[in-house]
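The values are calculated or read from the model by the stated rules, or taken from the named source; none is laboratory data. No experiment lies behind these values; they were computed from the predicted model shown. As a convention, Cβ positions derive from the backbone with ideal geometry for all residues, glycine included, and neighbour counts pool all protein chains shown.
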């Protein structure tokens, strides 16, 4: 039967992050992130790179298909309007303000083609796989983090422009 001290030590170890936060004097989180990635096993980095390419390929497959109702409604009602009007109109919960601002910018730069409307969601969906890996890696060992990133990478719905 473990003592209370041993039980507390085990509990602290269970919730301690694998890569602790940078010390207060650290100039940048990016430097800490670079050190954490450099310390990662090459096999995990190759697997993560493969998942990022897979996430991009899955989302790229759907990027130019015909628009569905939600995407069309969101674009016509919010993102195609002047930005101040689009961001101040929250008449429906379908107006995700950050997404609306990014779609507004994307369509201002590239036109209103379906791929331009979906571009912010596409980029966010691709970045979500490594972000999930890094977040899960702070909490779990590499294999668990890869499984979490794989589950996020295969989600096709995150490429919709809504």
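Annotations
- Any hit, region 62-73, residues being over 29 Å from residue 150 (Cα atoms) and either part of a helix (DSSP H, G or I) or touching a residue at least 40 places away in the same chain (Cβ under 8 Å) (or both): yes
- Odd one out for residue 3 among (1) over 30 Å from residue 146 (Cα atoms); (2) out of contact with any helix residue (DSSP H, G or I) (no Cβ under 7 Å at 6 or more places or on another chain); (3) modelled with pLDDT of 80 or more: (3)
- Of the set (1) over 18 Å from residue 49 (Cα atoms); (2) part of a helix (DSSP H, G or I); (3) touching a residue at least 24 places away in the same chain (Cβ under 8 Å), all apply to residue 105 but (3).
- If the condition is being modelled with pLDDT under 80, out of contact with any helix residue (DSSP H, G or I) (no Cβ under 6 Å at 6 or more places or on another chain) and closer than 18 Å to residue 37 by Cα, then region 127-162 contributes 138, 139, 140, 141, 143.
- Scope region 87-105; condition surrounded by 15 or more Cβ atoms within 10 Å (Cβ to Cβ) and either over 24 Å from the mean Cα position of the chain (by Cα) or within 12 Å of residue 118 (Cβ to Cβ) (or both); matching residues: 99, 102, 103
- Every condition in (1) surrounded by 12 or more Cβ atoms within 10 Å (Cβ to Cβ); (2) over 27 Å from residue 136 (Cα atoms); (3) in contact with a helix residue (DSSP H, G or I) (Cβ under 9 Å, 6 or more places away or on another chain) holds for residue 59 except the one numbered (2).
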